[in-house]
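Please treat every number below as a calculation from the coordinates, not as lab data. Keep in mind that this is a model prediction, so the values were computed, not measured. Note that we place each Cβ from the backbone using ideal geometry, even for glycine, and neighbour counts take in every protein chain shown.
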Amino acid sequence: MTEIPSNVIRAEEFAERFDGFSIGSNDLTQLTLGVDRDSGELAHVFKERDPAVLWVIREAIARAKAAGRKIGLCGQAPSNDPAFAKLLVEAGIDTISVTPDSFLDVTRNVAEAEQG
């Protein structure tokens, strides 16, 4: 699981031991931003589309690909935000997990992103 920034920074080392990566976007967002999404005082700052978070996710994908490894993402963002799913496709993600109720919408969004 790529849930902490150091897993992204050291991705090449992990690729020597593992055959793939899974980005845990909720935890990765919290730890990149230093924000507890469950805190009533800080939850408004928790944004998976924050430029720092997007950079870390893109970097994780790029490093996994450079090491010849598959990489996926599990988290709520692709289910809630069609544009986020598109960003993942553009970055070269291999798999995206989604909630059952959003499956059809995300599938359409991914197909559009792959075509465009």
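Summary of computed values
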{"quantity": "Total residues in the stretch 101-116, condition over 17 Å from the mean Cα position of the chain (by Cα), of a type in the set (A, V, I, L, M, F, W, C) and under 11 Å from E90 (Cβ atoms)", "calculated": "0"}
{"quantity": "Residues of the stretch 28-45 satisfying the condition of being over 14 Å from the mean Cα position of the chain (by Cα), touching a residue at least 12 places away in the same chain (Cβ under 8 Å) and either under 13 Å from Q76 (Cα atoms) or assigned to a loop (DSSP other than H, G, I, E, B) (or both)", "calculated": "none"}
{"quantity": "Failed item, numbered, when G68 is tested on (1) within 16 Å of I93 (Cβ to Cβ); (2) surrounded by 17 or more Cβ atoms within 10 Å (Cβ to Cβ); (3) not acidic (D, E)", "calculated": "(2)"}
{"quantity": "Hits in the stretch 3-27 (condition: among the hydrophobic types (A, V, I, L, M, F, W, C), part of a helix (DSSP H, G or I) and within 24 Å of Q76 (Cα to Cα))", "calculated": "V8, I9, A11"}
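Every residue, every condition in (1) out of contact with any His (no Cβ under 9 Å at 6 or more places or on another chain); (2) outside any loop (DSSP other than H, G, I, E, B); (3) exposed (fewer than 15 other Cβ atoms within 10 Å of the Cβ), yes or no:
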residue: A52; (1), (2), (3): yes, yes, yes
residue: V56; (1), (2), (3): yes, yes, no
residue: I61; (1), (2), (3): yes, yes, no
residue: A64; (1), (2), (3): yes, yes, no
residue: A83; (1), (2), (3): yes, yes, yes
residue: K86; (1), (2), (3): yes, yes, no
residue: E90; (1), (2), (3): yes, yes, yes
residue: I93; (1), (2), (3): yes, no, no
residue: S102; (1), (2), (3): yes, yes, no
